[in-house]
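Inspection log for the structure reproduced underneath, given as structure tokens.
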Protein chains: 2
Amino acid sequence: MKVFKIPEATVMRLSIYSRYLHQLMEEGEETISSGEIAKGVGVSSAQVRKDLAYFGEFGTRGVGYKVSELYCQLMKILGLDHRWNTIIVGAGKLGSALALYQGFFERGFNICAILDVNPNIIGNKLGSLRVQPLDQLQDLVEQYDIQIGVIAVPATHAQDVTEQLLEAGVKAILNFSPRVLKVPPDIVFRNVDLSVNLEVLSFNLALNR
Amino acid sequence: MKVFKIPEATVMRLSIYSRYLHQLMEEGEETISSGEIAKGVGVSSAQVRKDLAYFGEFGTRGVGYKVSELYCQLMKILGLDHRWNTIIVGAGKLGSALALYQGFFERGFNICAILDVNPNIIGNKLGSLRVQPLDQLQDLVEQYDIQIGVIAVPATHAQDVTEQLLEAGVKAILNFSPRVLKVPPDIVFRNVDLSVNLEVLSFNLALNR
């Protein structure tokens, strides 16, 4: 499949729609309109139709969408018909929380390993994982065919860890450290700054002051 | 200040620009062009100019922006010239990680309290906070004039906690639970699903398969 220039915001909404459809499947719903999806996730129905239109025609006019079919199609678009092997670097509070977060597994991400450099942390148990030393990175990425690396180390070490992940052969990086990182253009890369989300709130609160 | 219909993606980029400017201030930089900001954070320079144009004229043609002035203006736009009192509900792994996350404090969010219903967790120390029982919610929100509530409870309890936060008088909610929640339109609301971020990666990895 070749699809170009899909806005990232659209991809994020597709992810949210697919989650809402899963919730509806659990509740036994069979069909749904774009208006109902829109209401359920809090966007306009024009937005829902526009987002889905990037990927062709899904629904039937006047009938809407079959919940389970649309769910499966969205999961395929999101690359979630495949399971992705993932490694976390940094086993502090945030890295540990990520390693234990059930949502990743449920959506198709296998957390294969978590690494740290701190000898006081190495060997700690996190669910079914044990924290391993960072120098195992290359071996683990090869052994488990790991495609995604998650960076949960302090800002000062983030660029260093990025380069180690790339050298080990990881194809995509999710960065939780609050630092602007340099990666080659062929690597799929995304920053997650937890504060940014709070700042979208404070921006809107400040408008109403 | 009244600014309407600023896209959320713009607000998130303003937050990222402000962080990059702070990094430059630490490095002693005095002026910067939109092209340099763009390069530093990985977007086009047209995007930077467009984002900043929502809020009027900042730079000087041919000279660029004064780093510290642009930083202060962005922080004001983001509502970060003010400190926001914040409460976290749910002291599991994720809630604990959020409570200990230094980035919130650095950007202007005071985590005033963290609550849970589990007697085995209540009383646990997290940095300078102690986990308090959920039934303290109303009192704490009043006592500290808390505006923002962060939901880090299991999906099945999320709607319930939302209603308790609203009843206590919170004006904005950041939801980390993987559930679609109902909130009144006058409440500032935002979902954070940590998996969504991994799914933006898998979407892009799937395109290249």
Notebook entry, point to check: Summing Lys, Arg as +1 and Asp, Glu as -1, what charge do residues with Cβ under 13 Å from the Cβ of B:P178 carry, B:P178 excluded?
Noted result: -1
Notebook entry, point to check: Can you list, shortest first in nanometers, how far B:E29 lies from the same residue in the other copies, with each label 7 Å from Cα toward Cβ?
Noted result: 4.6
Checklist line | Magnitude of the charge dipole, the stretch A:7-82, Cβ model with Lys/Arg +1 and Asp/Glu -1, debye to 20 | finding: 280 debye
Notebook entry, point to check: Against the longest principal axis of chain A, how steep is helix A:155-168, in degrees 0 to 90 to the nearest 10, with axes from Cα atoms?
Noted result: 90 degrees
Next item on the list: Keeping the other protein chains in place, figure out the carbon and sulfur percent of the accessible area of the stretch A:8-77, with a 1.4 Å probe.
Entry: 48 percent
Check: Which value, in debye to the nearest 20, describes the size of the charge dipole of chain B about its Cα centre when Lys and Arg Cβ atoms bear +1, Asp and Glu Cβ atoms bear -1, and nothing else is charged?
Finding: 560 debye
Note to self: Tell me the relative contact order for chain A as a rounded percent, counting alpha carbon contacts under 8 Å between residues six or more apart.
What the structure shows: 14 percent
Check: Tilt of helix B:67-77 relative to the longest C-alpha principal axis of chain B, in degrees (0 to 90, nearest 10)?
Finding: 40 degrees
Checklist line | Dipole of chain A, positive direction: furthest Cα of A:T10, A:P133, A:V161, with charges on the beta-carbon | finding: A:T10
Next item on the list: Look at the axis of the rotation that sends chain B onto chain A, then give the chain B residue with the nearest Cβ and the distance in whole Å.
Entry: B:A97, 2
Notebook entry, point to check: Summing +1 for each Lys or Arg and -1 for each Asp or Glu, what net charge is found among the other residues whose Cβ lies under 14 Å from the Cβ of B:Q102?
Noted result: +2
Notebook entry, point to check: Measuring with a 1.4 Å probe in the full set of protein chains, what accessible area per residue, in whole Å², belongs to chain A?
Noted result: 48 Å²
Notebook entry, point to check: With a sphere of radius 11 Å drawn around the Cβ of A:L74, what net charge do the other residues whose Cβ falls strictly inside it have (Lys, Arg +1; Asp, Glu -1)?
Noted result: -1
Note to self: For the interface of chains B and A, what total accessible area is buried with a 1.4 Å probe, rounded to the nearest 100 Å²?
What the structure shows: 5900 Å²
Item checked: Lysine pairs with alpha-carbon atoms under 23 Å apart, chain B, spacing 8 or more or separate chains -> 15
Check: Hey, any idea what % of the stretch A:84-196's accessible area is carbon plus sulfur with a 1.4 Å probe?
Finding: 50 percent
Next item on the list: In a Gaussian network model over chain B where Cα atoms closer than 10 Å are linked, find which of B:N197, B:N124, B:N85 has the largest mean-square fluctuation.
Entry: B:N197
Checklist line | For chain B, calculated [θ]222 nm from helices alone, where every DSSP H run of n ≥ 4 adds -39500 (n - 2.57) | finding: -14000 deg cm²/dmol
Checklist line | Area of B:M25 that stays accessible when all protein chains are in place (1.4 Å probe, Å², to 10) | finding: 70 Å²
Item checked: Which of B:I87, B:I111 is most accessible, then next, and so on - probe 1.4 Å -> B:I111, B:I87
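The values are calculated or read from the model by the stated rules, or taken from the named source; none is laboratory data. Note that the structure is a prediction, hence the values are computed from the model and not measured. As a convention, Cβ positions derive from the backbone with ideal geometry for all residues, glycine included, and neighbour counts pool all protein chains shown. We work out accessible area using only protein heavy atoms, side chains counted, and drop any ligands, DNA or RNA first. Shrake-Rupley method; radii C 1.70, N 1.55, O 1.52, S 1.80 Å.
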